[in-house]
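**Student:** The structure that follows is given in the form of structure tokens.
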């Protein structure tokens, strides 16, 4: 069934979380989940997507694009996410756009127009890091401009590489408005990233593995 509607689908499997979202550019997020599934993404993603579509009331014909996190992240998880997104895009006849998985930071932790260093564990004392700036195209949107490509740094280098910029790392817990908030991917930002992609949108997503 061909797409043709305005909706956007976001998918990320780069961490232990399976993050999915359906976004309406005219009103915001219709449904979203981000569940810790360990390494069971492949076994759970189809069922989780079906549940997400039911929750949002959306059908294939309602979509315009799929935004998928291309890493950096686990080899298996990124492969599952990208393969799933490409399969859906082909079946629905919509665009599939790769977005940095680091550009899925929780909206509650980053103020509009603020800059943040998004990070994930790269093992052996290293981290993947990327400088982002929150640039919401609408008041109800959450989208990040990628000010650089993700890069691998020693953890000891992060503070000097990004002086004065707050750091958020997947898998940690931070205080937000007096509440302990886990830093987990939110796929709605990836969906908005697909909407804002320009050149290269017709190229297949290129995975970035750990």
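Every number in this text was worked out from the coordinates using simple rules, so none of it is lab data. Remember, it's a predicted structure, so these values are computed and weren't measured experimentally. Please note: Cβ atoms are built from the backbone with ideal geometry, for glycine as well, and neighbour counts cover all protein chains shown.
**Student:** Once a ≥ b ≥ c are taken as the square roots of the eigenvalues of the Cα gyration tensor of region 43-154, is the result rounded (a/c under 1.5), prolate (a/b larger than b/c) or oblate (a/b not larger than b/c)?
**Tutor:** The shape class here is oblate.
**Student:** Restricting to region 19-146, compute how many DSSP beta bridges are antiparallel as a %, nearest 5.
**Tutor:** The antiparallel proportion sits near 75 percent.
**Student:** Then there's this: Calculate how steeply helix 187-196 sits against the longest principal axis of the alpha-carbon atoms of the chain, using the helix alpha-carbon long axis, and give the answer as 0 to 90 degrees to the nearest 10.
**Tutor:** Tilt relative to the chain: about 70 degrees.
**Student:** Tilt of helix 75-92 relative to the longest C-alpha principal axis of the chain, in degrees (0 to 90, nearest 10)?
**Tutor:** Roughly 30 degrees, rounded to the nearest 10.
**Student:** A further question follows. For region 77-132, what does the alpha-carbon gyration tensor say about shape, rounded, prolate or oblate, given a ≥ b ≥ c as the root eigenvalues, a/c under 1.5 as rounded, and a/b over b/c as prolate?
**Tutor:** Judged from the Cα gyration tensor, region 77-132 comes out oblate (a/c at least 1.5, b/c at or above a/b).
**Student:** What does the extension gain come out to for residue 35 and residue 177, with contour length at 0.36 nm per residue minus their alpha carbon separation? Working shown, then result.
**Tutor:** Values: separation 142, 0.36 × 142 = 51.12 nm, distance 2.25 nm.
Extra length from residue 35 to residue 177 when fully extended: 48.9 nm.
**Student:** Let me ask something else about it. Test of understanding: ordering 18, 147, 44 by Cβ neighbours within 10 Å, fewest first, what list do you get?
**Tutor:** Values: 18 26, 147 11, 44 16.
Least crowded to most crowded, the residues run 147, 44, 18.
**Student:** Which whole-number percent gives the relative contact order of the chain, counting Cα pairs below 8 Å spaced six or more residues apart?
**Tutor:** 27
**Student:** Going by how many other Cβ atoms sit within 10 Å of their own, how do 157, 47 line up, fewest first?
**Tutor:** Going from sparsest to densest Cβ surroundings: 47, 157.
**Student:** What number in nm² do you get for region 103-182 if you take the convex hull of its Cα atoms and divide its surface by four?
**Tutor:** Average projection, Cα convex hull of region 103-182: 5.5 nm².
**Student:** Could you give the length gained on full extension between residue 167 and residue 145, defined as 0.36 nm per residue of separation minus the Cα-Cα distance, in nm?
**Tutor:** Fully extending the segment from residue 167 to residue 145 adds 6.3 nm.
**Student:** Just rank 96, 13, fewest to most, by other beta-carbon atoms within 10 angstrom.
**Tutor:** Ascending number of Cβ neighbours within 10 Å: 96, 13.
**Student:** If you take percent of Cα pairs over 23 Å apart from the coordinates, which of [x] 39; [y] 44; [z] 48 do you get?
**Tutor:** The value matching this structure is [x].
**Student:** Using only Cα atoms, find the angle between the long axis of helix 41-56 and the longest principal axis of the chain, and express it within 0 to 90 degrees, rounded to the nearest 10.
**Tutor:** 60
**Student:** Now a separate question. Have a look at the DSSP beta bridges in region 103-182 and tell me what percent are antiparallel, nearest 5.
**Tutor:** Numbers: 19 of 22 bridges.
Percent antiparallel among DSSP bridges in region 103-182 is about 85.
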